[in-house]
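The values are calculated or read from the model by the stated rules, or taken from the named source; none is laboratory data. Everything quoted here is computed from the prediction, not taken from an experiment. Positions of Cβ are generated from backbone atoms using ideal geometry, with glycine treated the same way; all protein chains shown enter the neighbour counts.
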Ligand SMILES: Cc1cc2nc3c(=O)[nH]c(=O)nc-3n(C[C@H](O)[C@H](O)[C@H](O)COP(=O)(O)OP(=O)(O)OC[C@H]3O[C@@H](n4cnc5c(N)ncnc54)[C@H](O)[C@@H]3O)c2cc1C
């Protein structure tokens, strides 16, 4: 007899969501997580005594899956949107400008708007405006964000606006970021609206309450706690501190040598040949009550910007109202690529440059190392008789991860066991 109907490997958001879907079809589910906590890249840490997100801190508001899940978990009333101030761009010449107010992934909805001209110059803005004269089919078959924007709006928009946003938000480059994953619906909006600028405008108008991202009061990590409680309620056996070292269609073997039989769903990048990158996130707390929000909710850094090692800064207490209410301190988070030596001093120096203001030495700091997994080249999600979910399958970001885990959980045939529940 198998130990469970289904063994889920990995207790990140993908594993938690797929386990929930499966148990609701009446399956007996065991979830094995290597670390001593659930949540994966959605995690909590304390900085200056404040509990806040150490990994992902927001989700894209597009699509129905996250709202539906939050509703089920009774978290809808806890959803918060960030301050409306635009993020800023720190340019290669060391100056900073606000990112265009109406843009998506840095792609402007109004190419000749004053803030676009200020960011990339008049010449590049006029080239971007040519988008209005091109047939809608130009760029409509582009594979990547970079290809689409270059063809329609020119290299000035790609290098000056899109690249810093894509680097800061997706840890990627415009020419590597698949269009349909990063901006689902933008391609069809282009064909429908006729120009890329209009397509951006239409996509933005669809976002609820005008905000492209949202989070939870108290931190996004609360989603993990709610999912964990839900799995417990439904009787899923959750085992943390249990790395899986081997898996096949009939079950898995843990590092302790235990065999757990059952149908296997891999929700971890286990034996997956996908590109991996390391990112480091430094969060500093400074006592600077007069700081205000000099650069809105944060700053994205253009490649080649002088004297700054970070690729993005988030001014957490300017971005999230609940956090500003929770502490008189300023909380500032900086993201770094692999290979940069990150120290609290480095983060402090970068924060001063990017915010354009002197800051007192941090009263506390935390540095977290993350490994991120790119998308697997082979899009076959069930190989060797095992199902796969998680960011290597669906693409990075909670909207994609949750949507894919929900639909996969529902599609796995229940082999008659659904009747028992
Ligand atoms: C710093 C940072 C900021 C981010 N910001 C955002 C954001 O603002 N918005 C957004 O949408 N996304 C963001 N993301 C991305 C998002 O967090 C991820 O795409 C998503 O959480 C991935 O979920 P997952 O379940 O696929 O993978 P993971 O969260 O990586 O979970 C995989 C789990 O499997 C476990 N595991 C691995 N190997 C084994 C094994 N052999 N046996 C058992 N268990 C194993 C791991 O310990 C882990 O818990 C961010 C990521 C990082 C690192």
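Taken together, the criteria exclude residue 187 from residues that are away from the ligand (no atom under 16 Å from the Cβ), within 30 Å of residue 77 (Cβ to Cβ) and touching a residue at least 40 places away in the same chain (Cβ under 8 Å). Looking at this structure, is residue 10 at positive phi, within 17 Å of the chain's Cα centre (by Cα), within 12 Å of the ligand (Cβ to nearest atom) and touching a residue at least 24 places away in the same chain (Cβ under 8 Å)? In short, no.
Taken together, the residues in the stretch 268-282 that are within 12 Å of the ligand (Cβ to nearest atom) and either under 17 Å from the mean Cα position of the chain (by Cα) or over 28 Å from residue 407 (Cα atoms) (or both) amount to 9. Checking the stated criteria, residue 135 turns out not to satisfy the condition of being closer than 18 Å to residue 174 by Cβ and in the same structural domain as residue 150 (by TED's automatic domain parsing). Listed here are the strands (runs of 3 or more DSSP E) enclosed by the stretch 7-67 that have at least 2 residues being more than 23 Å from residue 322 (Cβ to Cβ) and in contact with a strand residue (DSSP E or B) (Cβ under 8 Å, 6 or more places away or on another chain): 29-32.
Among the residues making up the stretch 116-143, those that are touching a residue at least 12 places away in the same chain (Cβ under 8 Å), closer than 19 Å to residue 302 by Cα and either touching a strand residue (DSSP E or B) at 6+ places or on another chain (Cβ under 6 Å) or surrounded by fewer than 16 Cβ atoms within 10 Å (Cβ to Cβ) (or both) are 116, 118, 119, 121, 123. From the list 92, 109, pick out the single residue that is over 20 Å from the mean Cα position of the chain (by Cα) and in the same structural domain as residue 124 (by TED's automatic domain parsing). Result of the check over 92, 109: 109. The set of residues in the stretch 312-328 that are in a loop (DSSP other than H, G, I, E, B) and crowded, with 23+ Cβ neighbours inside 10 Å contains only 320. Which of the residues belonging to the stretch 74-87 are assigned to a loop (DSSP other than H, G, I, E, B), within 20 Å of residue 230 (Cβ to Cβ) and away from the ligand (no atom under 16 Å from the Cβ)? Correct list: 74 only.
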